[in-house]
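Asker: This is the structure I want to talk about, given as C-alpha cells.
The values are calculated or read from the model by the stated rules, or taken from the named source; none is laboratory data. Keep in mind that this is a model prediction, so the values were computed, not measured. Here Cβ is always computed from backbone atoms with ideal geometry, including for glycine, and neighbour counts include all displayed protein chains.
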Amino acid sequence: MAENLQADGYPDPFVVRDSGFKGMGCFASRDIKAGERVLVERCALWEVDHSDVYDRTNSLLESYLQLSETDKAKIRDLHSETNPVVRFRNQAAFEHSGHLITAAQLDECVTVRLVHAANCFEIESSKTAPDGTRTPSRTGVFIKASRFNHSCDPNCWYTTTSWTGHFICTPMRPIKEGEEITISYIPNQATREKRQAQLLRCWGFICQCNRCEGWDTDYDVHLEEAYKALNPNADEERILPRFIQGGREAEEHRILRRLELLQALLWPPELYFGYLDAAEFFVQLKNENKRTDLEQSIVYSERAEGYLDNAVRVGEEIWEPGEIIWQDCMDYAEKVKAGTIEMKATLDAFNASQS
Ligand SMILES: [Zn+2]
C-alpha cells in the first residue's frame, strides 16, 4: 500500500510537512470541497481503559506487538513527551507489569505509552449493561490523523466513535491547495479561557489559532463576498456587521452570522456544518448554565435542538442513508432531546417540591 493511499485506494488529498512551531502538520495537496472526504483511517494502536494501570498497559502493549515493524516505527515517530522525569515515571508501569523486558524494550514501551498519551482519541465509549457490568472505553492512535493540528475554528469535522476503530474526517468548508487541514481537539464552543486552559493542560501548548488570536476572517470574507455577489443591492451594514471583539457575545455573533450567510447562500454541506456549529454553541451554553440556571439551560437546549433538526434535514439532501456523518448528527440530536426532557423533569420536580 502506497503511503499516500487510504485503505480503499483513495489518495490522501494532503501532504505531511513541517508546520513551524506546531511541528508536523497536514496541508491540502489540491483544492478540497466541503463535505468531501479528507481521511478514513483505521486505528493502529489502542488501549482499553481498564481501571487497573497494569491491565491498561498490557492492552496497549498487546496491540502494539501486533503491528508490522513499519507501523511500529511510524508509531514511535509520532510526537510524544520527551521530558526524562515523565519518561522515568512511566517506566514503573512496565517494570511491574509481569512482562520480562530488556532495557531497550523498556525504552520502546515507554515511548509507545507516551505516544498514545499525546495522540489518542476515544474510539469506543464505555458501556454499562442492564446487569451493571461495565465495558471500559477504548482510546486509540491513528498514524495519519495524529498529524492533524488543532484549531479552535477548524476547517474539518471528525468522528472516531460512530464507526468503531475508524477516524473519519470531513471538510466543513472548502480548503484551498496549500492550506493546513485542522481539527479541534476539544469542544470548540467553550470560552477562549477554557479552550486555552484545556489545550495547555492536556496537550501542553498555548493555542495561537486565528480564533484565539483574533478572528479567522478568511472564511467569513469568502461568505460575505459570495453573499454580495448574489445580492448586490443588500444593505451592507445590516447584512455584514463587523466583528465584536472578545467574549461570549462575539462568539455567538460570529456563529450566527456565518449561519445567516449560509442560509442565504444555500450551500448544503457548509450550511449543514453551520447548523452543527450553532447547535454546539448552545449545547455549550446549556452545560455552562445547568447548575446555576436550569430554566435558562432548557431554553439553550431547545435552541440547540432546533439547529440540529435543521442539520438533520439538510443532511438528508447531502448524504445517503446510513452515512456516518449524518447518522452521527441524528444520534446527537436524540441525545440533546433526551437531555432536555431530563432537565424539564428535574425542574418540574423542583417546582413541585417548592409548592
Ligand atoms: Zn485556539
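Asker: Given (1) over 15 Å from the mean Cα position of the chain (by Cα); (2) closer than 30 Å to I32 by Cβ; (3) touching a residue at least 60 places away in the same chain (Cβ under 8 Å), identify the lone condition not met by Q196.
Answerer: (3)
Asker: Could you please give the count of residues in segment 187-199 that are under 19 Å from N119 (Cα atoms) and within 11 Å of the ligand (Cβ to nearest atom)?
Answerer: Count: 5.
Asker: Moving to a separate point now. With respect to the numbered conditions (1) outside the structural domain of G25 (by TED's automatic domain parsing); (2) aliphatic (A, V, I, L, M); (3) in contact (Cβ under 8 Å) with a residue 24 or more places away in the chain, which one is the sole condition not fulfilled by V85?
Answerer: Condition not satisfied by V85: (3).
Asker: Here is a further query. Looking at this structure, is P171 within 22 Å of S151 (Cα to Cα), more than 11 Å from the ligand (Cβ to nearest atom) and at pLDDT 90 or above?
Answerer: Yes: the conditions hold for P171.
Asker: If you don't mind, another one. Out of all the residues in segment 169-191, is one or more of a type in the set (A, V, I, L, M), surrounded by 20 or more Cβ atoms within 10 Å (Cβ to Cβ) and in contact with a Ser or Thr (Cβ under 8 Å, 6 or more places away or on another chain)?
Answerer: yes
Asker: Taking segment 25-56 on its own, how many of its residues are surrounded by fewer than 20 Cβ atoms within 10 Å (Cβ to Cβ), of a type in the set (V, I, T) and within 21 Å of T182 (Cα to Cα)?
Answerer: 1
Asker: Tell me whether segment 36-49 contains one or more residues that are in contact (Cβ under 8 Å) with a residue 24 or more places away in the chain, aromatic (F, W, Y) and assigned to a helix (DSSP H, G or I). Spell out how you get there, then give the answer.
Answerer: Our first condition is that a residue be in contact (Cβ under 8 Å) with a residue 24 or more places away in the chain; within segment 36-49, this holds for 36-49.
Pick out the ones that are also aromatic (F, W, Y) and you get 46.
Pick out the ones that are also assigned to a helix (DSSP H, G or I) and you get none.
No, that holds for no residue.
Asker: Only one of (1) over 18 Å from R248 (Cα atoms); (2) touching a Lys or Arg at 6+ places or on another chain (Cβ under 6 Å); (3) within 16 Å of the ligand (Cβ to nearest atom) fails for S184. Which number is that?
Answerer: For S184, the exception is condition (2).
Asker: Can you name the number of the only condition in (1) more than 16 Å from the ligand (Cβ to nearest atom); (2) among the small types (G, A, S); (3) modelled with pLDDT of 90 or more that S125 fails?
Answerer: Result: S125 fails condition (3) only.
Asker: Okay, next question. Kindly evaluate R201 against the criterion of being more than 11 Å from the chain's Cα centre (by Cα), in a helix (DSSP H, G or I) and of a type in the set (D, E, K, R).
Answerer: Values: more than 11 Å from the chain's Cα centre (by Cα): yes; in a helix (DSSP H, G or I): yes; of a type in the set (D, E, K, R): yes.
When the stated conditions are applied, R201 passes them.
Asker: Residue under question is S59, and the condition is that it be touching an Asp or Glu at 6+ places or on another chain (Cβ under 7 Å), free of Cβ contacts under 8 Å to residues at least 24 places away in the same chain and either exposed (fewer than 13 other Cβ atoms within 10 Å of the Cβ) or closer than 18 Å to I123 by Cβ (or both); does it hold?
Answerer: For S59, the condition - touching an Asp or Glu at 6+ places or on another chain (Cβ under 7 Å), free of Cβ contacts under 8 Å to residues at least 24 places away in the same chain and either exposed (fewer than 13 other Cβ atoms within 10 Å of the Cβ) or closer than 18 Å to I123 by Cβ (or both) - is met.
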